Amino acid sequence: MSFYLERLLPSVLVQRYIFLRSMPPKSDSTEAIVLDHVNEQNRPLNSQNVADSLQKYNLKKASIQKALDTLADTGKISFKEYGKQKIYLARQDQFNIPNNEELASMKDENAKLQEHLDQQKKAITEFEGEIKSLQSNLTLGQIHDKQAKLRDEVKEMEDKLVKVRGGVTLVRPEEKKAVEAMYSEKISQWRKRKRMFKDLWDAITENSPKDLKEFKEELGIEYDEDVGVNLQSFPELLQHGKKRARGQ
């Protein structure tokens, strides 16, 4: 079988092309459908290959096997037996097999077509990239909308800057006082809770044989310092703000 395939395969594609151009109209009978398929494929096939390919015709494998055997018996197709396996093939004498010069010409034409195809694929890729780039840009209408929005924001900030430079108070004294009072309350609560935790932690770990650092990591406890926070800096920030206000 391998010897047979080696002789057949070099001309299979060419033969199939020639046959498809010259084959008669298809018939609806099972034998005609199977014969058309075997000739179109022009390669070694078993009954299962044919049945799988012709599922769209709703043909049973038994009828396909019968058609293959009938076609082989009447000489319309060729077949070889390999043990219990039968391999079917289109008759090669129905094809006009090109000579070496014709095959060489076909190969050259195929190479040119492949080169042209590669160029077209490259051009398509470039066009797709350009389209994607253009789609990511703002439309003219979007640019005008964004420009108007930015101009409004600039005007609002310029108006605020004029007020600040003119000594206009943007925050009313009662609002500032309320914020400072809330800020001081939060700092006080923070300090109180920090002290409560320290007292509780000291009581729990006073006689503990464990390493305190490892015990803290085991419980998932983090000190202010572990996350880069210093309680003392927050009251100083409030005092700094008050001194600055008095200096003004």
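Every residue in region 222-241 that is of a type in the set (A, V, I, L, M) and at pLDDT 80 or above, please.
Residues of region 222-241 that are of a type in the set (A, V, I, L, M), as a first pass: 227, 229, 231, 237-238.
Hits for region 222-241 are Val227, Val229, Leu231.
Name every residue in region 93-151 that is β-branched (Val, Ile, Thr) and under 37 Å from the mean Cα position of the chain (by Cα), in order of residue number.
Correct list: Ile124, Thr125, Ile131, Thr139, Ile143.
Taking Thr169 as the residue in question, decide whether it is within 30 Å of Pro235 (Cα to Cα), among the β-branched types (Val, Ile, Thr) and open to solvent by 80 Å² or more (accessible area, probe 1.4 Å).
Spelling it out, Thr169 is indeed within 30 Å of Pro235 (Cα to Cα), among the β-branched types (Val, Ile, Thr) and open to solvent by 80 Å² or more (accessible area, probe 1.4 Å).
I need the full set of residues from region 84-115 which are loosely packed, with under 11 Cβ neighbours inside 10 Å and assigned to a helix (DSSP H, G or I), in order please.
Asp93, Asn100, Glu101, Lys107, Asp108, Glu109, Ala111, Lys112, Leu113, Gln114, Glu115 - these are the residues of region 84-115 that are loosely packed, with under 11 Cβ neighbours inside 10 Å and assigned to a helix (DSSP H, G or I).
List every residue pair whose Cβ atoms sit under 8 Å apart, with the two residues 6 or more apart in sequence or on different chains, where the first one lies in region 218-236 and is free of Cβ contacts under 8 Å to residues at least 60 places away in the same chain and the second, anywhere, is open to solvent by 70 Å² or more (accessible area, probe 1.4 Å) and in a loop (DSSP other than H, G, I, E, B).
Short answer, once both residue conditions are applied: Asp224/Asn230.
Can you confirm whether Glu153 is over 30 Å from Lys66 (Cβ atoms), of a type in the set (Asp, Glu) and either open to solvent by less than 90 Å² (accessible area, probe 1.4 Å) or touching a helix residue (DSSP H, G or I) at 6+ places or on another chain (Cβ under 9 Å) (or both)? Give the derivation first.
Numbers: over 30 Å from Lys66 (Cβ atoms): yes; of a type in the set (Asp, Glu): yes; either open to solvent by less than 90 Å² (accessible area, probe 1.4 Å) or touching a helix residue (DSSP H, G or I) at 6+ places or on another chain (Cβ under 9 Å) (or both): yes.
When the stated conditions are applied, Glu153 passes them.
Evaluate the following for Phe127: is it of a type in the set (Phe, Trp, Tyr), free of Cβ contacts under 8 Å to residues at least 40 places away in the same chain and open to solvent by 100 Å² or more (accessible area, probe 1.4 Å)?
It is true that Phe127 is of a type in the set (Phe, Trp, Tyr), free of Cβ contacts under 8 Å to residues at least 40 places away in the same chain and open to solvent by 100 Å² or more (accessible area, probe 1.4 Å).
The values are calculated or read from the model by the stated rules, or taken from the named source; none is laboratory data. As the structure is a computational prediction, the values presented were derived from the model and not from experiment. Heads up, the Cβs are rebuilt from the backbone with ideal geometry, glycines too, and the neighbour counts pull from every protein chain shown. Ligands, DNA and RNA are stripped out before the accessible areas are found, and what is left, the full protein with its side chains, is counted by its heavy atoms. Shrake-Rupley method; radii C 1.70, N 1.55, O 1.52, S 1.80 Å.
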